[in-house]
Amino acid sequence: MRIIPLSEGAFTIDKTKVFVPFNTETEKLNERPAGSLLVEIQPFVVVTDKDVILFDTGLGYNNADGKFQLHANLENAGIQPSQVTKVFMSHLHKDHAGGITIKNGHTNERFISFPYATWYVQKREFDYAMEAGSASYITEDFQLLQDFSKVAWLTDDDGLIDNYIHYQLTGAHSKFHQVCWVEEGGQKIFFGGDVAPQLQQMKNKFIAKYDFDGKKSMELRQQWWQQGQAEKWIFLFYHDIKSPVWEMK
């Protein structure tokens, strides 16, 4: 399998929940408001024998040339957006779901960003997000999914997609967050979304105040880290600046 991180850059975020671009070469974190977290925003694409799978969709920003950044990142990797066959959404917070739709700057009309792909979305997460009234959910980014014909709504706590992608409802970070594993050719890739967002969090006992259930998140990370070591997983870390892909040896 081929794994490609699709970085949208580094950002800081504080209690305002606003993502502010951060230049890691010229700026210092302690010059940002107290409590600011430094994160990468990093969807992934995984190319298998069967599919081109996108994991989460980033912030949905345009690049300096005015082009939808997620599409540009894919094209820079030699993949046309129309080639994406599956999109798996861990949850619908704005830094993961912002790129579900593209906004026309002239008409303000929105379009699904990958109209030829099948979208795998946890139905309970969608329903909750539409009603949550939280700064973490921007409903206009994803409400078009409600009537989109190529959404495969996931309703079980765990299941199998096309006999090689296993998903599991975890909650923990958001109320109905989900993770998944892709197995092919003796390799096992794990995408833990925001329950397992950074390498350092896997190695330390850490309870995050921003999680829906921080204790459960910590326990799941410990469980996955041990299992991943035993089974030689390849971890995809959505918010890790230095180690987006970590392969157990």
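Model label sites at LYS242 and GLN226, defined 7 Å from Cα along the beta-carbon direction, differ in position by 2.6 nm.
Could you tell me whether segment 119-177 comes out rounded, prolate or oblate from its Cα gyration tensor? Rule is a ≥ b ≥ c as square roots of the eigenvalues, rounded for a/c under 1.5, then prolate if a/b exceeds b/c, otherwise oblate. It comes out oblate by the Cα gyration axes.
Rounded, prolate or oblate for segment 65-171? Axes are the square roots of the Cα gyration tensor eigenvalues, ordered a ≥ b ≥ c, and the cut-off for rounded is a/c under 1.5. In terms of gyration-tensor shape, oblate.
Surface composition of the chain: carbon and sulfur atoms hold 47% of the protein heavy-atom accessible area at a 1.4 Å probe. Dividing the summed helix terms, -39500 (n - 2.57) for each DSSP H run of n ≥ 4, by the number of residues in the chain produces a 222 nm estimate of -5500 deg cm²/dmol to the nearest 500.
At the residue level, MET1 shows approximately 60 square angstrom of accessible surface with a 1.4 angstrom probe and all protein chains present. When the alpha carbon coordinates of the chain are projected onto the principal axes, the ranges are 51, 48, 37 Å, largest first.
Quote the FRET efficiency, to the nearest 0.05, computed for ARG2 versus ASN23 with a Förster distance R0 of 30 Å and r equal to the Cβ-Cβ distance. Efficiency, rounded to the nearest 0.05: 0.55.
Accessible surface calculations at 1.4 Å, restricted to protein heavy atoms, place the chain at 48 Å² per residue. For the set THR101, THR16, solvent exposure ranked by accessible area (probe 1.4 Å, protein chains only) runs largest to smallest as THR16, THR101. Taking 16 Å as the straight-line reach from the Cα of LYS103, the lysines in range (excluding those fewer than 8 positions away in the same chain) are LYS67, LYS94. With R₀ fixed at 25 Å, the C-beta to C-beta distance from GLU109 to GLU184 puts the FRET efficiency at about 0.10. Pairs of Cα atoms nearer than 8 Å and 6+ residues apart set the relative contact order; for segment 196-249 it is 38 percent. In this rough spin-label picture, where each label sits 7 Å from Cα along the Cβ direction, the ASP158-LEU38 distance is 3.7 nm. Put simply, the amide H of ILE138, placed in the peptide plane, has neighbours under 5 Å in LYS94, leaving out anything fewer than 5 places away on its chain. Legend: helices of the chain (whole DSSP H runs) are marked when their alpha-carbon atoms reach 30 angstrom or more along the helix axis and their mean Kyte-Doolittle hydropathy is at least -0.5; nothing is marked. Here the 3J(HN,Hα) profile of segment 11-23, calculated from phi with Karplus coefficients 6.51, -1.76 and 1.60 at θ = phi - 60°, is 9, 10, 9, 10, 5, 6, 6, 9, 8, 10, x, 9, 8 Hz, Gly and Pro shown as x. Using the Stokes-Einstein relation with a Kirkwood hydrodynamic radius computed over Cα pairs, the translational diffusion coefficient of segment 112-213 at 10 °C and a viscosity of 1.306 mPa s comes to 104 µm²/s. Spatial offset of segment 38-53 relative to segment 122-164 amounts to 19 Å, using the alpha carbon center of each.
Take 69-75, 147-153, 179-185 and order them by the average number of nearby Cβ atoms within 10 Å per residue, most first; the result is 69-75, 179-185, 147-153. The accessible-area ordering, largest first, of the residues LYS15, LYS203 stands as LYS15, LYS203, per a 1.4 angstrom probe. Applying a threshold of 24 Å to the alpha-carbon distances of LYS17/LYS175; LYS28/LYS249; LYS123/LYS216; LYS50/LYS242 flags LYS28/LYS249; LYS50/LYS242 as lying beyond it. Restricting the calculation to Cα atoms, segment 172-248 yields a radius of gyration followed by a Dmax of 11.9, 38 Å.
The values are calculated or read from the model by the stated rules, or taken from the named source; none is laboratory data. Predicted model, so just to flag it, every value in this text is computed and none were measured. With ideal geometry, Cβ positions are generated from the backbone for all residues, glycine too; neighbour counts draw on all protein chains shown. Heavy atoms of the whole protein, side chains included, go into the accessibility calculation; ligands, DNA and RNA do not. Shrake-Rupley method; radii C 1.70, N 1.55, O 1.52, S 1.80 Å.
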